[in-house]
Amino acid sequence: MQIVRKISDVVLYRYPKIIDKRGFFQKTFNKDTLSDLGFDLKEQYFSMSHKNVLRGFHFQIPPMECAKLIVCIKGEVLDVLVDLRKKSSTYLKCFEFQLCEKKSEILYIPVGFGHAFLGKTDENILLYNINQVYSSKNDRGILWNSTNFKWPINKPKISNRDKRFEKLKDFKSPF
């Protein structure tokens, strides 16, 4: 595993991909390799989103806060994070990553970041490895267009839930 990019505790890793005439084989998680992050896998999900679907910014607040490992297993997404950690030098700043099935990259998102993504192809599948169990009581979000990030789309397809998230300026961060 190799670090491709590291910024404000967020790490983009690349795992080797074994390709032959049958297809390919790729590792997406290795507890020993990621032990320095203190990542203990508790749940795993995947989502499928169509082109121009925007999901997020999602996170869980304490005491059920979580870190994530994200892998794009089909399609391509614009993955965007907002730093919600009050003591961070990058507090309220956004970071973008292009995740796609053609790269063998895994994005590590530490506790205290809001996570959003925009589907760029007709079918986009993300695999989420989470170090905490889901808690609806602690599930929160930030309105997608209330950060300093300039999305490349004006009218994305968004869930009613995500449309009701509070604006970043009104959010009182517990991180």
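Give the residues of segment 19-45 that are loosely packed, with under 12 Cβ neighbours inside 10 Å and assigned to a strand (DSSP E or B), sorted by residue number.
ILE19, ASP20, GLY23, PHE24, PHE25, TYR45 - these are the residues of segment 19-45 that are loosely packed, with under 12 Cβ neighbours inside 10 Å and assigned to a strand (DSSP E or B).
Does SER49 satisfy being of a type in the set (S, T, N, Q), at pLDDT below 95 and surrounded by 14 or more Cβ atoms within 10 Å (Cβ to Cβ)?
no
State which residue is farthest from the chain's Cα centre (by Cα) when the search covers only segment 70-129 and only residues that are of a type in the set (S, T, N, Q) and within 21 Å of THR28 (Cα to Cα). Step through it out loud before you land on a result.
Of the residues in segment 70-129, the ones of a type in the set (S, T, N, Q) are 88-90, 98, 104, 121, 124, 129.
Filter again for within 21 Å of THR28 (Cα to Cα), leaving 98, 104, 124, 129.
On the way: GLN98: 11, SER104: 16, ASN124: 14, ASN129: 10 Å.
Out of the qualifying residues, it is SER104.
Since ASP32 meets every condition but one in (1) over 17 Å from the mean Cα position of the chain (by Cα); (2) at pLDDT 95 or above, which condition does it not meet?
The single condition ASP32 does not satisfy is (2).
Between a first residue in segment 11-22 that is in contact (Cβ under 8 Å) with a residue 12 or more places away in the chain and a second residue that is open to solvent by 10 Å² or more (accessible area, probe 1.4 Å) and acidic (Asp, Glu), which pairs have beta carbons less than 9 Å apart while being 6 or more apart in sequence or on different chains?
Matching pairs, first to second residue: LEU12/GLU105; TYR13/GLU105; ARG14/GLU105; TYR15/GLU105.
Which count do you get for residues in segment 80-125 that are without any contact (Cβ under 8 Å) to a residue 40 or more places away in the chain, within 20 Å of PRO16 (Cα to Cα) and either open to solvent by 20 Å² or more (accessible area, probe 1.4 Å) or β-branched (Val, Ile, Thr) (or both)?
4
In this structure, does ILE109 turn out to be over 22 Å from LEU37 (Cβ atoms), in contact with a strand residue (DSSP E or B) (Cβ under 9 Å, 6 or more places away or on another chain) and among the β-branched types (Val, Ile, Thr)? Lay out the reasoning, then the answer.
Numbers: over 22 Å from LEU37 (Cβ atoms): no; in contact with a strand residue (DSSP E or B) (Cβ under 9 Å, 6 or more places away or on another chain): yes; among the β-branched types (Val, Ile, Thr): yes.
No, not satisfied.
Filter segment 160-175 down to the residues that are under 19 Å from SER88 (Cα atoms) and either open to solvent by less than 30 Å² (accessible area, probe 1.4 Å) or at pLDDT below 95 (or both) and list them by number. Walk me through how you get there before you give the answer.
The first filter runs over segment 160-175 and keeps only residues under 19 Å from SER88 (Cα atoms), leaving 168-175.
Residues satisfying the conditions are LEU168, PHE171, SER173.
The values are calculated or read from the model by the stated rules, or taken from the named source; none is laboratory data. These numbers were taken from a predicted model, which means no experiment stands behind them. Please note: Cβ atoms are built from the backbone with ideal geometry, for glycine as well, and neighbour counts cover all protein chains shown. Ligands, DNA and RNA are excluded from the accessible area calculation, which covers all protein heavy atoms including side chains. Shrake-Rupley method; radii C 1.70, N 1.55, O 1.52, S 1.80 Å.
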